[in-house]
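What follows is a structure written as structure tokens; I'll ask about it next.
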Amino acid sequence: MLRSDSNSTLSESLEAFRDQGVFLLLSETFQALGDSSRIQIVWALAQSEYSVGALTELLGMTQPAVSHHLRTLRNLKLVRVRKDGRTAFYSLDDDHIHRLLLEGIEHVNEFVRQS
């Protein structure tokens, strides 16, 4: 993991990142979040747990589209699924994604205020 302490230099930290493939996984995460539909899904799941059907109604998307986006997010461990009988309920995998989303919103709000 990347640590920013006085004993490590930036180049050592970057080398550790490359060795662990972290840049690739981080890029894939940002790429997944680079789609506005997936951002809407993540935002909804940051508020509550939802089934695919509930997400389609909430977001006005088709069921196949929601399922496709959820599969992408699940493969990157951004969301998790919980089954209750035949119904699957989705939620964020952990608080990191929620915090990342909030930071992104703060960044955009600052950008808009400066424009």
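Mean-square fluctuation check for the chain, GNM, Cα pairs under 10 Å: which of Arg99, Arg74, Arg38 is largest?
Of Arg99, Arg74, Arg38, the most mobile in the Gaussian network model is Arg99.
Here's something else I'd like to know. Output the 0 to 90 degree angle, nearest 10, between the alpha-carbon long axis of helix 63-75 and the longest principal axis computed from the alpha carbons of the chain.
That helix lies at roughly 30 degrees to the long axis.
OK, next. Please give the charge dipole size of the range 36-114, origin at the Cα centre, charges +1 on K and R Cβ atoms and -1 on D and E Cβ atoms. Round to the nearest 20 debye.
In total the dipole reaches around 380 debye.
Once label points are set 7 Å from the Cα along Cα→Cβ at both Ser67 and Ile39, what is their separation, rounded to one decimal in nm?
2.7 nm
Using 0.36 nm per residue of separation minus the Cα-Cα distance, give me the extension gain between Phe111 and Arg99 in nm, one decimal.
Full-extension gain reported as 2.5 nm.
Let me ask something else. Could you derive backbone 3J(HN,Hα) for the range 40-47 from the dihedral phi with the Karplus parameters 6.51, -1.76 and 1.60 (θ = phi - 60°), listing whole Hz in sequence and x where the residue is Gly or Pro?
4, 5, 4, 4, 4, 6, 6, 8
Something else: Give the residue list of GluC sites (Glu not before Pro) in the range 16-115 that are DSSP loop and have at most 15 other beta-carbon atoms within 10 angstrom.
Answer by residue number: Glu49.
Using the Cα atoms of the range 36-114 to build a convex hull, what is its mean projected area in square nanometres?
With every direction weighted equally, the projected area is 5.4 nm².
Same structure again: Please list, ordered by chain and number, the residues whose modelled amide H lies under 5 Å from the amide H of Ala88; skip anything fewer than 5 residues away on the same chain.
So Ala88 has HN proximity to Val52.
How would you rank Lys77, Lys83, going from fewest to most other Cβ atoms within 10 Å of each one's own Cβ?
Lys83, Lys77
Then there is this: What nm distance separates the two modelled labels at Glu57 and Val22, each placed 7 Å from Cα along Cα→Cβ?
Result for the modelled spin labels: 4.3 nm.
Since every read-out is calculated from the coordinates, none of them should be taken as a lab result. Note that this is a predicted model, so its numbers are computed, not measured. Methodologically, a virtual Cβ is constructed for each residue, glycine included, from the backbone with ideal geometry; neighbour enumeration extends over all protein chains shown.
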